[in-house]
Each structure stands twice: as C-alpha cells, then as structure tokens.
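A.B. asks: There's a structure below that I have some questions on.
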Amino acid sequence: MKTLPRDVSRCAARFAFTDEFDEWCPERHTCQRYLAFTKWDKEAGILDYRWIAITMGMRDCKIKIKTIEVVE
C-alpha cells in the first residue's frame, strides 16, 4: 500500500481536542496529510508515529497536500 513519506507530517484535522470546541477541518477528506494519518499509514503497515510529525488542523491551512508522490 502507498502512503506519504515518513518525513512528511500528518494532520489530525481537528481544531481542538476538547468536546466543547469539536471542530474539524472542512477540507480533510481531500487532504493527503489527513488521509495518510487516518487510512493509508495503517494499510501500509505503519502502526506508530514515533518518527512522524502530526499537526493539528488549522483554519486557513497553508500546508494542505492535494497531490504528492506517495511511496510504498
């Protein structure tokens, strides 16, 4: 299975970790950082994120990945 390289950060797509502010990035389903974090990494056999950075979702995100070369 293909996923992003390990040196490319993933995104959790949440703006906060509290139930009070349970907001999600509206573009998460078209962002490869989020898809790698929620689906592709697991299918590729990546079970922990010890060496992979994970970011929170951001309004007006400037790091969304629409297309990138994925690795096997």
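A.B. asks: Inside the stretch 45-64, can you point out the residues that are within 15 Å of Glu23 (Cα to Cα), among the aliphatic types (A, V, I, L, M) and either in contact with a helix residue (DSSP H, G or I) (Cβ under 9 Å, 6 or more places away or on another chain) or surrounded by 13 or more Cβ atoms within 10 Å (Cβ to Cβ) (or both)?
C.D. replies: Met58
A.B. asks: Can you work out which of the residues in the stretch 9-39 that are touching a helix residue (DSSP H, G or I) at 6+ places or on another chain (Cβ under 8 Å) and surrounded by fewer than 18 Cβ atoms within 10 Å (Cβ to Cβ) is nearest to Ile52 (Cα to Cα)?
C.D. replies: Ser9
We did not get these values from a lab; they are worked out from the coordinates using the rules stated. Not measured: the values here are computed from a predicted model. Cβ coordinates were reconstructed from backbone atoms using ideal geometry, including for glycine residues, and neighbour counts include every protein chain displayed.
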